[in-house]
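K.L.:
I have a structure here, written as structure tokens, and I will follow up with some questions on it.
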Amino acid sequence: MAHTALGGVIGVLWLVLPAATAADEGHEVHVSAVGSAPAASDAGAVAAAEEKTSTGDLVLPLVAAGAATAVAAYSYARRRRRTKAQAAPAGLVLVARATTPELDRQARRSLVAADDCLRTSREELGFVEGLFGADAVAPFAQAVRYAAAELSAAFQLRQTYDDNPAEASRDTLDEIVARCVDAGRRLDAEAAGFDQLRALERDMSGALRHAEVRFRELTARTSAAEATLADLRERYGPSASLLASGQVEQAKDRLVFATAGLNRARQSVDLGAPDRAVLQLRSAEGAITQAEMFVDGVDRLASALAAAARAVPEALDEAEAAVVEARERLAAGTEQGVPVGALEGHVSRATATLAAVREEAAAGPYDPLEALRRVAVVSAPLGTVPGALRLVAREATDAADGFVGTHRGAVGAEARTRLAEARRLLDRDPVEADALARQARQLAERDVRAHGNPYGGRPEHANGVAGAVLGGILLGDPPDAGVDALTGGAPGSFGGPATRARRGVAS
């Protein structure tokens with residue numbers, strides 16, 4: 001509409017303005033002398049000229065008014081499009097002139113919704129790639145990458161906003177919402193094609209077999225992870241395996257839910273109810289993926305602890321060399337930029353900490369990841385950070401990411417924002433990345449405790465439904481005619497906020 005109005009104004013300028021100018025140039029007004037009245041013979045001509053000149057003088061105001069109207073229409077159209085872009089498809093609607101707290105809450109909800117959609121899309125994409133190969137899923141993988149980039153930018157904006165709330169502007173919140181919406185729409189745009197590729201309503205035999213194979217492999221890995229976790233408790237200090245405690249039990253809980261889902265999916269196929277079978281299969285696939293995340297977490301921790309134990313002696317030597325160098329600078333009086341008292345304090349703390357870590361490592365068992373963290377904390381003020389700290393930061397970030405992913409039904413925007421920032425800083429600033437990752441884990445655990453267990457004491461808890469809802473496998477909406485009563489709600493699927501709760505291709 002705005003472009004049409006602008007085109008109309010240009011047409012008026014093109015047609016009317018030249019004619020008015022020509023009319024003015026084609027008529028001359030004769031005056032006898034400066035300050036004298038027009039001659040009588042020219043009176044009629046003067047009157048006509050004045051009339052035409054008045055008409056010509058009206059052209060520019062009319063054109064200006066038309067241009068102003070067009071610009072106003074264009075601005076209105078842009079504002080309207082922006083408002084629509086900021087209104088999340090999941091039912092979030094911007095109130096006109098929303099207050100900053102309202103906009104802040106919407107930005108948080110948008111981040112959580114977009115992150116949930118991205119995580120679910122990645123998980124289902126992994127199953128489909130296992131069936132059809134990387135080439136077949138290339139367009140959907142590209143959509144996931146695009147959404148991930150937009151969401152990463154949104155999280156970075158949120159971190160900036162949280163770091164400086166007094167200096168932050170509403171425009172930052174606007175852009176966070178807009179980027180989340182853009183990420184969701186990109187995934188929504190591929191949802192129909194994704195369903196067509198899967199074609200589960202027509203034939204899900206291949207998908208069922210693939211899910212059952214992964215289920216059996218994962219069942220064996222879960223038993224092995226239980227033994228691995230027991231070994232970690234014996235080999236290292238109590239804190240080393242603390243964050244992984246309970247992961248094997250949670251993996252088993254997801255597998256219980258997956259077992260029921262796979263069995264019901266086969267029964268529904270036999271009964272000629274493909275729509276129901278699709279939902280049950282997708283629920284089982286989500287549970288298998290999250291059980292794998294729990295098991296992977298145990299295996300990853302075991303590898304990280306072994307690598308950290310190997311790295312501790314070298315990190316201690318590196319930090320102790322930095323202490324010696326700092327002492328030499330103090331003795332020579334060549335230290336610049338750091339007050340002598342402050343440097344002496346750094347040297348004293350580093351000396352005590354390094355000695356304690358070396359003693360603990362020799363006595364054993366101890367936590368090598370925590371030992372590297374302590375070495376890094378005291379050596380950083382001396383101008384050096386052990387290279388092995390990146391190993392510590394990566395494990396902390398991966399552990400936090402796994403926790404958020406498997407508990408995303410309860411985790412809010414703050415924990416996800418700190419996690420995204422930790423991931424962004426992992427290679428450039430491992431000290432800060434490690435601190436942010438640990439903070440993200442603490443915030444996520446706080447959210448889970450506050451959320452509680454809405455299924456506590458109900459029969460669904462024994463069937464793994466509580467864990468499935470907490471993990472975001474099920475969206476938690478009440479059961480209906482299309483969903484088995486024991487599944488608690490529709491499973492999430494590949495797509496953005498507008499499509500992730502769809503029941504199938506037809507919906």
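The values are calculated or read from the model by the stated rules, or taken from the named source; none is laboratory data. Remember, it's a predicted structure, so these values are computed and weren't measured experimentally. Note that each Cβ is placed from the backbone with ideal geometry, even for glycine, and that neighbours are counted across all protein chains shown. Note: accessible area is taken over every heavy atom of the protein model, side chains too, but ligands, DNA and RNA are not part of it. Shrake-Rupley method; radii C 1.70, N 1.55, O 1.52, S 1.80 Å.
K.L.:
For residue 162 and residue 209, what does the FRET efficiency come to when R0 = 51 Å and r is the distance between their Cβ atoms, rounded to the nearest 0.05?
P.N.:
Numbers: r = 47 Å, r/R0 = 0.91.
Here the calculated transfer efficiency is 0.65.
K.L.:
Please give the FRET efficiency for residue 356 paired with residue 271, using the beta carbon to beta carbon distance and R0 = 51 Å, rounded to the nearest 0.05.
P.N.:
Between residue 356 and residue 271 the formula returns 0.20.
K.L.:
Determine, from the Cβ-Cβ distance of residue 342 and residue 149 and an R0 of 41 Å, the FRET efficiency 1/(1 + (r/R0)^6), rounded to the nearest 0.05.
P.N.:
That pair, residue 342 with residue 149, gives E of 0.50.
K.L.:
Measuring from centroid to centroid over Cα atoms, what is the spacing of the stretch 231-275 and the stretch 351-397 in Å?
P.N.:
First find each Cα centre; the distance between them is then 34 Å.
K.L.:
Further question on the same structure: Sticking with the crude label model, points 7 Å out along Cα→Cβ, report the distance from residue 129 to residue 314 in nm, one decimal please.
P.N.:
Distance between the two pseudo-spin positions: 3.1 nm.
K.L.:
Sticking with this structure for a sec: How would you order 119-126, 391-398 from highest to lowest mean count of nearby Cβ atoms within 10 Å?
P.N.:
391-398, 119-126
K.L.:
Now for a different question. Would you mind calculating the gained length between residue 201 and residue 136 on full extension (0.36 nm times residue separation, minus the Cα-Cα distance), in nm to one decimal? Mind showing how you got there, number by number?
P.N.:
Numbers: separation 65, 0.36 × 65 = 23.40 nm, distance 1.88 nm.
In short, 21.5 nm is gained.
K.L.:
Another question, then. Got a sec? Charge dipole of the stretch 100-244, +1 on Cβ for Lys and Arg, -1 for Asp and Glu; which of 114, 196, 240 is way out at the positive end?
P.N.:
The Cα lying farthest towards the positive end belongs to 240.
K.L.:
In whole percent, how big is the carbon plus sulfur part of the accessible area of the stretch 210-320, probe 1.4 Å, protein atoms only?
P.N.:
The computed percentage sits at 55.
K.L.:
Express in Å², to the nearest 10, the accessible area of residue 288 obtained by rolling a 1.4 Å probe over the protein heavy atoms while all chains stay in place.
P.N.:
Result for residue 288: roughly 0 Å² accessible.
K.L.:
How far apart, in nm, are the 7 Å Cα→Cβ label points at residue 231 and residue 296?
P.N.:
Modelled inter-label distance: 2.1 nm.
K.L.:
Oh, and also: HN-Hα J couplings of the stretch 307-313 from phi, Karplus 6.51/-1.76/1.60, θ = phi - 60°, integer Hz, Gly and Pro as x?
P.N.:
Couplings: 5, 5, 4, 5, 8, 4, x Hz.
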